[in-house]
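Peer 1: This is the structure I have questions about; it appears just below.
The values are calculated or read from the model by the stated rules, or taken from the named source; none is laboratory data. Note that the coordinates shown come from a computational prediction; the quantities given were computed from them, not determined experimentally. Neighbour counts run over all protein chains shown; Cβ positions are idealised from the backbone, glycine included. Ligands, DNA and RNA are excluded from the accessible area calculation, which covers all protein heavy atoms including side chains. Shrake-Rupley method; radii C 1.70, N 1.55, O 1.52, S 1.80 Å.
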Amino acid sequence: MDLRLIFLLIENFYTQEGGIMEEVKQNKMAVAPMKKLFWKMGLPMIISMVLQALYNVVDSIFVTNMGEKGALANQALTLAFPIQILIIAVGVGTGVGLNALLSKSLGKKDNEKVNKIAGNGIFLSICIFAVFFLFGAFGSKWFISLFAGGNEEVISMGTTYLQICTCVSFGSIGYTVYERFLQATGKTIFSTIAQITGALTNIVLDYVFIFPLGMGVAGAAWATVIGQIVSLILAMIFHYTLNKEINGNVKYIKPEAGIIKGIYNIGVSAALMQGLLAVMMAGMNAILNLAHANQTILVGSFGIYYKVQQIALFSAFGLSNTIISILSFNYGMKDKKRIDDCIKYGIMDSLIVTFILTIVFEILARPLSSLFGLAGGSTTEITDICVVALRIASIGYIFMGFSVAVQGVLQSLGYAARPLIISLLRLVIFVFPIAYLFTLSDNVTNYIKMS
């Protein structure tokens, strides 16, 4: 059977409503009931974003259970994490700009511009990879050394992990671009299939590389990048097989200043907002190194807590990306009724999802944190701190969901500065002074436990 026919059958099954096939000739973002459309497009995007977060969570679960080196390995991964976040941030920012510009052009039925936008997206992904490759090759050890407190073992493990994740980052960066091609045309189910396949590959290879093969943190890094490459390959197959709305001819992979400017007029705020997560993570690593308590325990605890809570944060980002896709498309069509409905359901659904996650994290804080403490010893202390941190942090998820949803609305309508200000307040301006004040305690670890 022809491969393209199989993919079309999957898409038709996915878009079936009450036993009647949805007419795929017309983009569903223009005609589908908004309430159902949000969940139909939003759930795959949530799953996709959460699976991005799970790459790092899974790596940390395996390395903390490596034995006596588990706590140090976890600290090394935590120190490398800001750069991994930065890779995602630049990719997502570029993807958001692509998505919004593609959706608007698809709504206007400007096919030539659609093709040029897609081609410029591929060109930009190549440039982004080149930058991170150079950083990984020449800057990894320098970056890890900034936060390792002179611990040579942590520096060695962190450098190894970061070099692999940056020098082979084309899977992560490329997937982000091709994912947006599928999302912009409403084929979110296929981007989800690609992401799930890559995540499962990562889990299997993490176990194989770290335990039977004994590759340590290098095994975790190779498992991550191979999983990302698998996702990229599948996304490319789906795009070039199914996306008739976008011409994949290589002649469109030609930089045009106007299109690149248009992509980043929208996407730069998203890149900066996600990039602030990296700034926040690096800043917290530096602040925790000032504490009098055990740095390995504190930095490792924060790394695990933050990676786990990213499940909630990236769920909100998934819905925000849904808002951007749908709202940008209907904004391009100038359909005021659907624009208003999109804003209403986008914010409402974000509040529902983050409220559910608050309940889940309050109940499962101990079981989730215990995944990182099976090896005993210092990792048990890390687990205890993570439980308290997760239960405190989850109280704010619903407020985080609202702010991220509003940021998505503002980005869709072409505002750049306003969503960035919200992120600065949420991730930097309020966080660093308060975190530093807590390090003034004589024993940070005991303080957290008593809380």
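Peer 1: Could you check the spin-label model distance between V250 and K35? Points 7 Å from the Cα along Cα→Cβ, value in nm.
Peer 2: Label at V250, label at K35, 5.0 nm between them.
Peer 1: To continue, here is another question. Taking Cα pairs under 8 Å and at least six residues apart, what relative contact order does the range 115-197 come out at, in percent?
Peer 2: 35 percent
Peer 1: Ok, one more. Hull surface divided by four, with the convex hull built on the Cα atoms of the chain: how many nm²?
Peer 2: 21.1 nm²
Peer 1: Accessible area per residue for the chain in Å², computed with a 1.4 Å probe and the full protein assembly in place, what is it?
Peer 2: On the way: 17960 Å² over 451 residues.
Result: 40 Å² of accessible area for each residue.
Peer 1: How far apart, in nm, are two points set 7 Å out from the Cα along the Cα-to-Cβ line at F355 and at A416?
Peer 2: Result for the modelled spin labels: 3.6 nm.
Peer 1: At a 1.4 Å probe, what is the % contribution of carbon and sulfur to the accessible area of the range 142-301? Provide the component values of the computation, followed by the final result.
Peer 2: Working: 3830 of 5680 Å².
Of all accessible area on the range 142-301, carbon and sulfur atoms account for 67 percent.
Peer 1: Sticking with this structure for a sec: Over every pair of different alpha-carbon atoms in the range 105-196, take the mean of 1/r and invert it; report that Kirkwood radius in Å.
Peer 2: This gives a value of 15.4 Å.
Peer 1: Past 27 Å, Cα to Cα, is the threshold; run K35/K104; K244/K334; K113/K334; K254/K307; K251/K336; K261/K307 against it and keep the listed order.
Peer 2: K254/K307; K251/K336; K261/K307
Peer 1: Of the listed peptides 69-78, 246-255, 262-271, what is their order by residue-averaged count of other C-beta atoms within 10 Å, with the highest listed first?
Peer 2: Top to bottom by mean Cβ count within 10 Å: 69-78, 262-271, 246-255.
Peer 1: Take the solvent-accessible surface of the protein heavy atoms, probe 1.4 Å, and return the percent of it on the range 39-79 that carbon and sulfur atoms account for.
Peer 2: Whole-percent figure for carbon plus sulfur exposure: 73.
Peer 1: Let me ask something else about it. At each listed q (0.13, 0.21, 0.27, 0.30 Å⁻¹), what is the log10 of I(q)/I(0) that the Debye formula gives for the range 307-360 modelled as equal alpha-carbon point scatterers?
Peer 2: Per q value, in the given order, log10 I(q)/I(0) is -0.36, -0.73, -0.98, -1.10.
Peer 1: Let me ask something else about it. Can you give the local net charge around N249? Use residues other than it whose beta-carbon is closer than 14 angstrom to its beta-carbon, Lys and Arg +1, Asp and Glu -1.
Peer 2: Every neighbour counted, the sum reads +2.
Peer 1: Measuring from label point to label point, each 7 Å out along Cα→Cβ, what is the L134 to I429 span in nm?
Peer 2: If labels sit at L134 and I429, their model points lie 3.4 nm apart.
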